[in-house]
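Each remark here refers to the structure printed beneath this line.
The values are calculated or read from the model by the stated rules, or taken from the named source; none is laboratory data. Remember, it's a predicted structure, so these values are computed and weren't measured experimentally. Note: ideal-geometry Cβ built from the backbone for every residue, glycine included; neighbour counts use all protein chains shown. What goes into the accessible areas is simple: the full protein's heavy atoms, side chains included, and nothing from ligands, DNA or RNA. Shrake-Rupley method; radii C 1.70, N 1.55, O 1.52, S 1.80 Å.
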Amino acid sequence: MKKINTIASLLASLLASVTLTSQAQVNPTAKDIDILSREYTGKVYSPYAGRDFPSNVYFGDTHLHTDISMDAGAFGNRLGLDPAYKFARGEQVESTNAGPVRLSRPLDFLVVADHSDNMGFFPDMIAGAPFILEDPTGKDWYDRIKAGQGPGVAIELIGLFSQDKFPPALTYTPDSAPYRAAWDKTVAAAERYNQPGVFTAFIGYEWTSLIHGNNLHRVVVYRDGGDKGGQMVPYTTVAPQGSTNPRDLWKWLASYEQKTGGEVLAIAHNGNLSNGIMFPISEQYDGKQLDVEYVTQRARWEPLYEATQIKGDGETHPFLSPNDEFAAYENWDVGNLDVSEAKTDAMLSGEYAREALKRGLELEAKLGTNPYKFGMIGSTDSHTSLATTAENNFFGKHAGAEPSPERMTHPFMANENGAIMGWQQVASGLAAVWAKENTREALFDAMERKEVYATTGSRMMVRFFGGWDFTAKDLNNREPAFAGYEKGVPMGGDLPDNKTGNKAPSFMVFALRDPIGGNLDRIQIIKGWYDGNKQQEKVYDVAWSGDRKPGKDGKVGPVGDTVDAKTASWTNSIGASELATAWTDPDFDPQQRAFYYARVLEIPTPRWSTYDAFRFGVAIPDGAPVSTQDRAYTSPIWYNPK
């Protein structure tokens, strides 16, 4: 084991070095090689000459809603596309209900992903469009919203849509002029704010499939500009133009690429609200058996999974991972999206990322392709037009949940099946992308190859490499990424062929704390495997701060907690500014399919609800944690027996 705990500025130069455009690879001459020491791993004297790998990590949100989304508008959001982009770029804007707001640092990229169904309906309704007010239901919604009853209307809209009962007369179909106008406006805004090399504005939308309230949503992201992205309106869920079946979405994605020559991908999210149908193991929700077409198409179109966001963290669950002491983290396990059906333990295995990764190994063994071979990202799913993830700057899920003394104790969703309280919203998450430059093309390509990771809001920097020959020596210099790319594969990749027989794989992982965040507690590597009969998992502590020692079970004890709830403050007197290690799997079986990913935990810091209690002078609600441990989940690295 190799543990490193030194000053942050040194590793920052490694992880956040200047952006490089394409360069020619330097070919060393025999003289160059002859005069360099064998102990030096570089090919020429300058360690940066010929560098041709991603050297920057970019942070962004792939899932933000504006007032164009029907539910966002009904909940009270009055901020459109322009404020959303300006805020993400670091400008100060006026929130709908809670005054001025600004990010601590700009984001690097943004996907405005308004719902494709009924896109543009709400702005027209709130403006009093005559044909909407002529409909009795439309007039009722309009009057209630004007009377300040928007949240109630929003819940009604979500319920009707979830149960496929939305009034046909008020549905904006994709072939209608108002729908096309809303999409044109969306595309134009992305084009207007996209600044290659400075800020990336992706074209995108959310396909909002709900099977009787069970979430199967996907965010669709375009690599393209408006010349291609504007040729076809988004895919919806209402027949005959749309469908709630993911297989039909994948067909639409293929048709888009065939027609335009463009490129798109889809990101599934909130499996924790799907009531077990997000990651099937034998058959879809409609009873159709999983087949070769399903696994190959899902693998083709869905390279990423949104593992953490406002509506709960989706890495794993204590019921699924009872030996993981960090599994009980911001779990939403009451029911489906509208709580029309209560959750049961049997549903959980079809909902969480770690379990899906294990299921993918089994399906690959049976059907030849792993449909759940995804990288992990986080994003907000905020419906306020404000991409906020910092605990001390959290503006909630929707406009009705923006900062106020009452927001923590007001139910987010409640009925006879259960309740989700306001304090249970999660200040999460962000997508971190390793790329050569901040452009649509470079970021999209990194997403497709899965060189990405999720954070729950922190901007910690994480590298993760897998190979067969990593050692502590590779961490002796301040540029181990050179060894990472030369000797192995980065996060999101497949281990190269093992040419050394039954030798176990080795992994190199290093992390640097968020410059304005909490220190690091530990790095863990999570392994999942399929032994031919059963899916299994194990969590390894591989690097940690301080002088703690692992117990007989291999686990390292808690890092401590400096959070003062009365003042909503903490100190970085515990933890480490950086951690790194080279680790070899001690339990490797070359005959078993496996995956590995890193989880990096910060020390405890105040949760957003603790900041609210302090700033508004109210009590922390019963059940609300005082502190949180922000974390990162890297994309996995897979091993496949030959």
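For every residue, the table says whether it meets (1) without any contact (Cβ under 8 Å) to a residue 40 or more places away in the chain; (2) out of contact with any strand residue (DSSP E or B) (no Cβ under 6 Å at 6 or more places or on another chain); (3) open to solvent by 20 Å² or more (accessible area, probe 1.4 Å); (4) of a type in the set (A, V, I, L, M, F, W, C).
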{"site": "L103", "(1), (2), (3), (4)": "no, yes, yes, yes"}
{"site": "G138", "(1), (2), (3), (4)": "yes, yes, no, no"}
{"site": "Y142", "(1), (2), (3), (4)": "yes, yes, yes, no"}
{"site": "F161", "(1), (2), (3), (4)": "no, yes, yes, yes"}
{"site": "T173", "(1), (2), (3), (4)": "no, yes, yes, no"}
{"site": "R180", "(1), (2), (3), (4)": "no, yes, yes, no"}
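Applying the set (1) closer than 30 Å to Y58 by Cα; (2) over 14 Å from the mean Cα position of the chain (by Cα) to S379 leaves exactly one unmet item: (2). Of all residues in the range 299-333, those satisfying the criterion of being aliphatic (A, V, I, L, M) and outside any helix (DSSP H, G or I) are L304, A307, I310, L320, A327, A328. Of the residues making up the range 217-248, those that are touching a Gly at 6+ places or on another chain (Cβ under 9 Å) and farther than 15 Å from D184 by Cα are V219, V220, V221, R223, T236, D248.
The set of residues from the range 517-537 being over 14 Å from R631 (Cα atoms) and in contact with a Gly (Cβ under 8 Å, 6 or more places away or on another chain) comprises Q535, Q536, E537.
Of the residues making up the range 185-210, those that are within 22 Å of the chain's Cα centre (by Cα) and in a loop (DSSP other than H, G, I, E, B) are N194, V198, I203, T208, S209.
Of all positions in the range 243-263, none carries a residue that is at pLDDT below 95 and either within 20 Å of N118 (Cβ to Cβ) or under 24 Å from the mean Cα position of the chain (by Cα) (or both). Of all residues in the range 217-237, those satisfying the criterion of being surrounded by fewer than 24 Cβ atoms within 10 Å (Cβ to Cβ), of a type in the set (D, E, K, R) and touching a residue at least 40 places away in the same chain (Cβ under 8 Å) are R223, D224. Scanning the range 238-267 for residues that are aliphatic (A, V, I, L, M), in contact (Cβ under 8 Å) with a residue 60 or more places away in the chain and open to solvent by less than 20 Å² (accessible area, probe 1.4 Å) yields L265, I267. It is to be established whether one or more residues within the range 44-66 are at pLDDT below 85 and part of a helix (DSSP H, G or I). No, because not a single residue in the range 44-66 is at pLDDT below 85 and part of a helix (DSSP H, G or I).
Could you please let me know if G546 is open to solvent by less than 60 Å² (accessible area, probe 1.4 Å) and more than 25 Å from M376 (Cα to Cα)? Considered against the rule, which asks whether it is open to solvent by less than 60 Å² (accessible area, probe 1.4 Å) and more than 25 Å from M376 (Cα to Cα), G546 comes out as yes. Evaluation of A365 against the conditions (1) more than 23 Å from the chain's Cα centre (by Cα); (2) open to solvent by less than 30 Å² (accessible area, probe 1.4 Å) shows that the sole unmet condition is (2).
Mind listing whichever residues of the range 144-154 are within 32 Å of the chain's Cα centre (by Cα) and either buried (at least 20 other Cβ atoms within 10 Å of the Cβ) or closer than 30 Å to L443 by Cα (or both)? Answer for the range 144-154, where residues must be within 32 Å of the chain's Cα centre (by Cα) and either buried (at least 20 other Cβ atoms within 10 Å of the Cβ) or closer than 30 Å to L443 by Cα (or both): G150, V153, A154. Filter the range 119-136 for residues that are without any contact (Cβ under 8 Å) to a residue 60 or more places away in the chain and in a loop (DSSP other than H, G, I, E, B) and give the result. Hits for the range 119-136 are A127, G128, A129, E134, D135.
Just so you know, in the range 34-70 the residues that are acidic (D, E) and under 33 Å from the mean Cα position of the chain (by Cα) include one that is surrounded by the fewest Cβ atoms within 10 Å (Cβ to Cβ), and it is D52.
Considering only residues in the range 496-538 that are within 25 Å of D589 (Cα to Cα) and among the acidic types (D, E), the one that is surrounded by the most Cβ atoms within 10 Å (Cβ to Cβ) turns out to be E537.
Looking at V433, V426, just one residue is open to solvent by less than 10 Å² (accessible area, probe 1.4 Å) and closer than 19 Å to K311 by Cβ, and that residue is V426. When P318 is tested against (1) buried (at least 20 other Cβ atoms within 10 Å of the Cβ); (2) free of Cβ contacts under 8 Å to residues at least 60 places away in the same chain, only condition (1) is not met.
Return yes when A387 is within 18 Å of L304 (Cβ to Cβ), open to solvent by less than 10 Å² (accessible area, probe 1.4 Å) and touching a helix residue (DSSP H, G or I) at 6+ places or on another chain (Cβ under 6 Å) and no when it is not. Criteria met by A387. Which one is farthest from I420 (Cα to Cα), of the residues in the range 277-292 that are open to solvent by 20 Å² or more (accessible area, probe 1.4 Å) and touching a Phe, Trp or Tyr at 6+ places or on another chain (Cβ under 9 Å)? Applying the filter and picking the extreme gives K288. Does at least one position in the range 194-210 carry a residue that is open to solvent by 10 Å² or more (accessible area, probe 1.4 Å), within 21 Å of Q284 (Cβ to Cβ), in contact with a helix residue (DSSP H, G or I) (Cβ under 7 Å, 6 or more places away or on another chain) and touching a residue at least 60 places away in the same chain (Cβ under 8 Å)? Yes, the conditions are met somewhere in the range 194-210. Just one of (1) touching a residue at least 60 places away in the same chain (Cβ under 8 Å); (2) at positive phi; (3) of a type in the set (G, A, S); (4) open to solvent by 20 Å² or more (accessible area, probe 1.4 Å) fails for A472. It is (2). The residues on offer are K534, K566, K538, K552, and the sole one that is among the basic types (K, R) and within 22 Å of M508 (Cβ to Cβ) is K538.
So, E91, is that one over 25 Å from E306 (Cβ atoms), acidic (D, E), part of a loop (DSSP other than H, G, I, E, B) and modelled with pLDDT of 95 or more or not? Considered against the rule, which asks whether it is over 25 Å from E306 (Cβ atoms), acidic (D, E), part of a loop (DSSP other than H, G, I, E, B) and modelled with pLDDT of 95 or more, E91 comes out as yes. Of A565, A598, A619, A582, all but one fail to be open to solvent by less than 30 Å² (accessible area, probe 1.4 Å) and out of contact with any Asp or Glu (no Cβ under 7 Å at 6 or more places or on another chain); the exception is A598. On the stretch given as the range 489-528, residues that are in contact with a strand residue (DSSP E or B) (Cβ under 9 Å, 6 or more places away or on another chain), outside any strand (DSSP E or B) and of a type in the set (S, T, N, Q) total 2.
Residue-level analysis places A356 outside the set of residues that are outside any helix (DSSP H, G or I) and under 25 Å from L249 (Cα atoms).
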